[in-house]
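Student: Would you mind keeping the following structure in view while I ask a few things?
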2 protein chains.
Amino acid sequence: MPRPIRAVVNPTAILGNVNKIKQLLGAGQVMPVVKANAYGHGLERVLEGLKNSDALAILEIDGAARLRQLGWTKPIVLLEGCFDEADLHKATELHCDWVVHNQAQLEDLEKLAALNNSFKPRIFLKMNTGMNRLGLQAPEMPAAITWLDEFTSRLGWPTPVLMTHFANADEAEPRTRQPMAQAQFNNLMRFKPAHWQSSLGNSAGSLNFPELAGDIARPGIAVYGATPGPHAAANYGLKPAMTFISQIIAIQHIEAGDRVGYGSRWQADRAGRIAVVACGYADGYPRHAPDGTPTFVEGHVAPVVGRVSMDMMTIDITSIPDARVGSAVELWGEHIPVDVVADRCGTIGYELLCAIAPRVPFQVVSKD
Amino acid sequence: MPRPIRAVVNPTAILGNVNKIKQLLGAGQVMPVVKANAYGHGLERVLEGLKNSDALAILEIDGAARLRQLGWTKPIVLLEGCFDEADLHKATELHCDWVVHNQAQLEDLEKLAALNNSFKPRIFLKMNTGMNRLGLQAPEMPAAITWLDEFTSRLGWPTPVLMTHFANADEAEPRTRQPMAQAQFNNLMRFKPAHWQSSLGNSAGSLNFPELAGDIARPGIAVYGATPGPHAAANYGLKPAMTFISQIIAIQHIEAGDRVGYGSRWQADRAGRIAVVACGYADGYPRHAPDGTPTFVEGHVAPVVGRVSMDMMTIDITSIPDARVGSAVELWGEHIPVDVVADRCGTIGYELLCAIAPRVPFQVVSKD
């Protein structure tokens, strides 16, 4: 038997989450983001759950090729566009659409047009509205839009889409996030030609301000049933698509005063039972998870005690008499939202989901 | 072109690090730890650098199979032993030795003996000397040792090894770590039969107290040229085995007062240039890296500014006029020790090395 750890992916949860987001958005299209191998879930494991989506957005061109191989025939959009000329060829071969976020990428379109490909991509023109990461600046926009509009209509390419990315849509405080998102929306919309579509809503944007999401929303993490904030996902009716579980491989009986693990971080104030779980930071569980981070064992919450080590972690099972060697331990999933673990560790669910290590075996189990 | 990010592994650095540790240990044997796919470096990429080692220690039985496939003929030790009966068979087929850390695993040896395999494994009996993770407790030791000594000599198996694991050998403060390691050493040694060998030294133990490492040291992270503490590895003469690099994919000119990235964490106090680097937490760079975490661009240190996002990060290149789109950016490696990045992020190099994501391509480059 390999180590008893595994990640279980539930495509039915993804199907439900996409439908929930569609409801919120009303008429808008939904283009789930599947970069980073579907946020760590595995493209081949989530695709069935994404079948009602209008398009998929991805970063890695190899991932796009994989999606076509797996039978996805609807549009695919490359979120950072093409990195060089070889990419341009590959993207058209794969019938991908893509984002243009700088002048060099705009100029590349001319090169592509000279090749007279039969496939005509849809271009998503990205504006920097305050994130200061990718995108054209406001002063560059009028000329870029005029040029791209003329270029695409001359070549018979689809009408482009104007897009931007929210910087603060996931702020916990609605009074802060609402005006910031509205300002980015207004900043984009003043440039939008009437016949172009727009694309703004990331997960937080789609959930918190569906009215600012534009014609094509690009939810990412929400599709997988997580979203920043400890219990936010459940409040929106989203279900976790991944359950990360392992087992107890050893139990230590300790006395008051005994210490556990590296750096002797945790010290017992009473006698008790400590379970060693076959999961460590080399599996993707965060090393800096503090004492008290919840896990779920035999129907009860068991807190992490002592520093997570490379292949093992220790939890306090003193008050769970049923816990024994071989008991399943849920690290996150149905009972412990990944966002709760993330919140304890000062990060967000995305980081944890993407960080599941290659040595962890996956399993697919569909259930309502 | 795929995204311009990659991890470059240097087997020559590993060779030098193993030799350096051998020098420190004198007569003792060196058994490098290669669990978690050689701490994220890839078994097939590091094996050439490990050729002078006496044995290898690993956790995953699939990894042991891979080592045999790659041509490793010297001993392999399974660090958590066998998880069930199928493992026992696989371990003997692969000619592995293994650790026994609890009573159930001791009893399993009887089952194995009944099968009359031709391969006779060497058993590493693990004692819990204060880590409270794996290992037999002191009161269980005398009976276990007597039984195992009789059992192995009756069956003609190799003489067992007595082992334990240091809990605090990497404490920054020598006055704290020295007595704690000495206490664990003494705790183990009082049980050691004269004809058995011992195994104690992990990386920190081997480097800081070679006299307490026992007959067979088990260095892990040090083999890969890292060790807890910002510049500790270089002080020991160790060289980094991995360089994690990417490129600048966009540059934003900003004004005083502009903010960068998610949550608008960083605000410019002057006009400047911000480079967007094709590396994010979905590649394995820590999301919680604070402003000021160093990267290396065109011969200069460039600090992280703004929160690391999923596929990109932003660095301040205002004072590096040579930096341009396409410039290489070292995230850690030759110029920026992984332990410096880890220290800024409140963790240790191990976690970062193990967390390189599957989507990052690897390359092997041997150099002195």
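Student: Give me the three principal axis extents of the range A:242-364 from the C-alpha atoms, as integers in angstrom, largest value leading.
Tutor: Ordered largest first, the range A:242-364 gives principal extents of 39, 28, 23 Å.
Student: Tell me, what ³J(HN,Hα) does each residue in the range B:73-78 have, in order and in whole Hz, if you take phi through Karplus 6.51 cos²θ - 1.76 cosθ + 1.60 with θ = phi - 60° and put x for Gly and Pro?
Tutor: Computed from phi, the couplings for the range B:73-78 are 10, 6, x, 10, 10, 7 Hz.
Student: Roughly what angle does helix A:11-25 make with the longest principal axis of chain A, taking Cα atoms, 0 to 90 degrees, to the nearest 10?
Tutor: Rounded to the nearest ten degrees, it is 50.
Student: If you don't mind, another one. Residues with beta-carbon under 12 Å from that of B:VAL77, excluding B:VAL77: net charge, scoring Lys, Arg +1 and Asp, Glu -1? Spell out each step's value before the answer.
Tutor: Working: positive: B:LYS35, B:LYS74, B:ARG122, B:LYS126, B:ARG218; negative: B:ASP54, B:GLU80, B:ASP97.
Once all neighbours under 12 Å are counted, the net charge is +2.
Student: If you don't mind, there's one more thing I want to ask. What 222 nm value per residue comes from the helices of the protein assembly as shown, counting each DSSP H run with n ≥ 4 as -39,500 (n - 2.57) and dividing by all residues, nearest 500 deg cm²/dmol?
Tutor: Per the formula, -8500 deg cm²/dmol.
Student: Moving on. Going by amide H atoms built from the backbone, whose H comes under 5 Å of the H on A:ALA302, apart from near neighbours?
Tutor: A:THR295, A:PHE296, A:VAL297
Student: Quick one: 3J(HN,Hα) in Hz for the range B:185-196, Karplus 6.51/-1.76/1.60 with θ = phi - 60°, rounded, Gly and Pro as x.
Tutor: Residue by residue, the range B:185-196 yields 4, 4, 4, 6, 5, 5, 9, 6, x, 4, 8, 8 Hz.
Student: So what's the gap between the Cα centers of the range A:59-121 and the range B:140-158, to the nearest angstrom?
Tutor: Taking the Cα centre of each part, the range A:59-121 and the range B:140-158 sit 65 Å apart.
Student: Going 7 Å from Cα along the Cα-Cβ axis for the label, what nanometre distances separate B:ALA113 from the same residue across the other copies?
Tutor: Counterpart label points of B:ALA113 in the remaining copies fall at 8.3 nm.
Student: Let me ask another. Computed from the mean reciprocal separation of all distinct C-alpha pairs, what Kirkwood hydrodynamic radius does the protein assembly as shown have, in Å?
Tutor: Working: mean 1/r = 0.0368 Å⁻¹.
Taking the inverse mean of 1/r over all distinct Cα pairs, the protein assembly as shown comes out at 27.2 Å.
Student: Could you list which residues have their amide H under 5 Å from that of B:VAL364, counting only those 5 or more apart in sequence or on another chain, with H placed in the peptide plane?
Tutor: Close amide H contacts, sequence-distant or interchain: B:VAL9.
Student: Expressed as cubic angstrom per residue, what is the convex hull volume of the alpha carbon set of chain A? Don't skip to the end; give the middle numbers.
Tutor: Working: hull volume 54.2 nm³, N = 368.
Expressed per residue, the convex hull around the Cα atoms of chain A is 147 Å³.
Student: I need the phi-derived Karplus couplings for the range B:331-336: 6.51 cos²θ - 1.76 cosθ + 1.60, θ = phi - 60°, integer Hz, Gly and Pro marked x.
Tutor: 8, 7, x, 4, 9, 10
Student: Let me ask another. Could you rank the peptides A:137-146, B:195-204 by their average count of other C-beta atoms within 10 Å per residue, with the highest value first?
Tutor: Values: A:137-146: 13.9, B:195-204: 22.4.
Sorting A:137-146, B:195-204 by mean packing, highest first, produces B:195-204, A:137-146.
Student: Okay, next question. Please report, in cubic angstrom per residue, the volume enclosed by the convex hull of the alpha-carbon atoms of the range A:190-307. Don't jump to the answer; show the numbers that get you there.
Tutor: On the way: hull volume 18.9 nm³, N = 118.
Per-residue hull volume (Cα only) is 161 Å³.
Student: Averaged across A:29-38, how many Cβ atoms of other chains sit within 10 Å of each residue's Cβ atom? The partial results should precede the final answer.
Tutor: Values: counts 0, 0, 0, 0, 1, 0, 5, 9, 4, 0.
Partner-chain Cβ atoms within 10 Å, mean over residues of A:29-38: 2.
Student: Work out the mean other chain Cβ neighbour count within 10 Å for the residues of A:351-362 and drop it here as an integer.
Tutor: Details: counts 9, 2, 1, 10, 9, 2, 8, 6, 8, 0, 1, 0.
Counting other chains' Cβ atoms within 10 Å and averaging over A:351-362 gives 5.
Student: Run the label-point distances for A:LEU70 please: 7 Å along Cα to Cβ, every other copy, nanometres, shortest first.
Tutor: In nanometres, ordered from closest: 2.9.
Student: In whole Å, how far is the Cα centre of the range B:198-243 from that of the range B:246-292?
Tutor: A separation of 34 Å, based on Cα centres.
Student: Let me ask you something else. Could you list which residues have their amide H under 5 Å from that of B:ALA167, counting only those 5 or more apart in sequence or on another chain, with H placed in the peptide plane?
Tutor: Under 5 Å from the amide H of B:ALA167 lies no amide H from a residue far enough along the sequence or on another chain.
Student: Once you put a point 7 Å from the Cα of B:SER366 and another 7 Å from the Cα of B:ALA271, both along the Cβ direction, what distance in nm separates them?
Tutor: 5.2 nm
Student: What number, in percent, do you get for the relative contact order of the range A:11-231 if the mean sequence gap of Cα pairs under 8 Å and at least 6 apart is divided by its residue count? Before the final figure, lay out each step's value.
Tutor: Working: 387 pairs, mean separation 44.7, N = 221.
It rounds to 20 percent for the range A:11-231.
Student: Please return the longest stretch of chain A lacking exposed loop sites, where trypsin sites (Lys or Arg not before Pro) count only if DSSP places them in a loop and at most 16 other Cβ atoms lie within 10 Å.
Tutor: Numbers: sites that count: A:LYS51, A:ARG190, A:ARG265, A:ARG270, A:ARG324, A:LYS367.
Of all site-free stretches, the longest is A:52-189.
Every number here is computed from the coordinates shown, using simple stated rules; none is lab data. For clarity, every value in this text was computed on a predicted model and none was experimentally measured. In this analysis, Cβ positions are derived from the backbone assuming ideal geometry, glycine residues included, and neighbour counts consider all displayed protein chains.
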